[in-house]
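The values are calculated or read from the model by the stated rules, or taken from the named source; none is laboratory data. Please read all numbers here as calculations on a predicted model, not as lab measurements. Note that we place each Cβ from the backbone using ideal geometry, even for glycine, and neighbour counts take in every protein chain shown.
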Amino acid sequence: MPVKYNVVERKNPLDKNSTPKFYAIAKADGEINLRAIAKEIAGGSTTVSDTDVFAVLNDLIKSIARHLNDGEIVKLGDFGTFRLTLSSEGVETAEKVNTSVIKSSKINFRPGQDLQDMLRNIKYEKYKK
């Protein structure tokens with residue numbers, strides 16, 4: 001099934017006087033939650049219940065959060081890699097860098113090979129309202 005997209009008009013935020021341009025943006029077409037994914041995984045197996053899969057996935061999330069909080073890179077094989085990134089204010093000297101200049105942190109995800117292959121082979125379709 002192709003990924004749907006919408007068309008939006010945007011101005012260049014660095015040049016307010018520039019002519020707006022049109023861009024494609026991904027259009028979500030539904031959603032799925034962790035419990036439904038657990039049922040889907042369990043449905044492909046005769047030995048594991050959806051409750052068991054859900055419990056393991058919940059513990060995986062907790063484990064990833066704990067390791068990221070400890071400053072570790074979390075490598076999940078073919079699934080991908082998680083790491084923390086920081087955003088901070090710039091200051092004049094290295095000595096002035098401390099926790100007060102850190103504005104936020106984000107989780108960066110680098111997909112594994114199967115997800116990278118999916119991105120290379122993805123098909124698109126314009127969203128029809």
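Tabulated results
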quantity	calculated
Residue that is nearest to the chain's Cα centre (by Cα) [pool: residues in segment 4-47 that are hydrophobic (A, V, I, L, M, F, W, C) and at pLDDT below 90]	Ala28
Hits in segment 11-34 - residues which are more than 22 Å from Asn121 (Cα to Cα) and in contact with a Phe, Trp or Tyr (Cβ under 6 Å, 6 or more places away or on another chain)	none
Tally, over segment 90-127, of residues that are closer than 22 Å to Tyr23 by Cα, hydrophobic (A, V, I, L, M, F, W, C) and assigned to a loop (DSSP other than H, G, I, E, B)	1
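Residue by residue, here is whether (1) under 21 Å from Met1 (Cα atoms); (2) free of Cβ contacts under 8 Å to residues at least 12 places away in the same chain holds:
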| site | (1), (2) |
| --- | --- |
| Lys27 | yes, no |
| Gly30 | yes, yes |
| Asp52 | no, yes |
| Ala55 | no, yes |
| Val74 | no, yes |
| Ser88 | no, no |
| Ala94 | no, yes |
| Lys106 | no, no |
| Met118 | yes, yes |
